[in-house]
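Here is the structure we will look at, set down as structure tokens.
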């Protein structure tokens, strides 16, 4: 496994990488969710490269940039065990050397859901992903469904810019109790993580109601909110039932929809979702 610490080293590696190249961008603190994306790349591509970079552009004031989990030695051991071809460890000074001309992808999708609470977030995400795409030049890139809105926006950016990149998705990987795996879960104790798994249980209540033909979005949202509020420890940022294409809220769930939520627990912001299809 090659460890690439500069843009020059990464570009040189790519020049000599034969065949298809799968790219998994991460911020480190790797878990089984990241590993599942790596496996998708290895199953679909000749070469696999992973980047580890905590991107300051996607953090806003008062967010956890400084405290975000940093486990680089553990991450490199994990990636070596997965037998990937290269890991790219860029630094912020080199990536962001000309702040006046930073490109980011503008789309109405960025103003929905996560974009309301974190208006800076998708500007920073599309900025860094476009930079990494330019450096790595992947044939494939792999993102997880847990960040469903991010997946939709990056997919739209690839199509809009006519990039020669095929986007693959990985399903949300969960703990045994149902909690969606996230690097930020490390902020919580094991007991707190078990309590946080009730977020998933609340979403599954919506799924069960949909199966029983309850399609009124307001009724579904109210049921979820009542369940979550009953624990007395969660603060709901949003519960959304939206069109999978536009992320506009729907009144009736009679086609494909993204059911998603963001919830604060012990000052940790947790997100989760599932995609519903009536067919």
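The values are calculated or read from the model by the stated rules, or taken from the named source; none is laboratory data. Since the structure is predicted, the reported quantities are computational estimates derived from the model, not experimental observations. When we count neighbours, we look across all protein chains shown, and the Cβ atoms used for this are built from the backbone with ideal geometry, even at glycine.
Before moving on, here are some points about what is shown:
- Test: residue 22 is surrounded by 17 or more Cβ atoms within 10 Å (Cβ to Cβ), in a strand (DSSP E or B) and touching a helix residue (DSSP H, G or I) at 6+ places or on another chain (Cβ under 7 Å): yes
- Residue check, residue 244 touching a helix residue (DSSP H, G or I) at 6+ places or on another chain (Cβ under 7 Å) and either in the same structural domain as residue 110 (by TED's automatic domain parsing) or farther than 26 Å from residue 67 by Cα (or both): no
- Evaluation of residue 110 against (1) in a helix (DSSP H, G or I); (2) surrounded by fewer than 21 Cβ atoms within 10 Å (Cβ to Cβ); (3) out of contact with any strand residue (DSSP E or B) (no Cβ under 6 Å at 6 or more places or on another chain) (one fails), failing number: (2)
- When restricted to residues that are loosely packed, with under 13 Cβ neighbours inside 10 Å, free of Cβ contacts under 8 Å to residues at least 40 places away in the same chain and in a helix (DSSP H, G or I), the stretch 57-104 contains 7.
- Which listed residue is under 25 Å from residue 276 (Cβ atoms) and in contact (Cβ under 8 Å) with a residue 24 or more places away in the chain, from 126, 107, 166: 107
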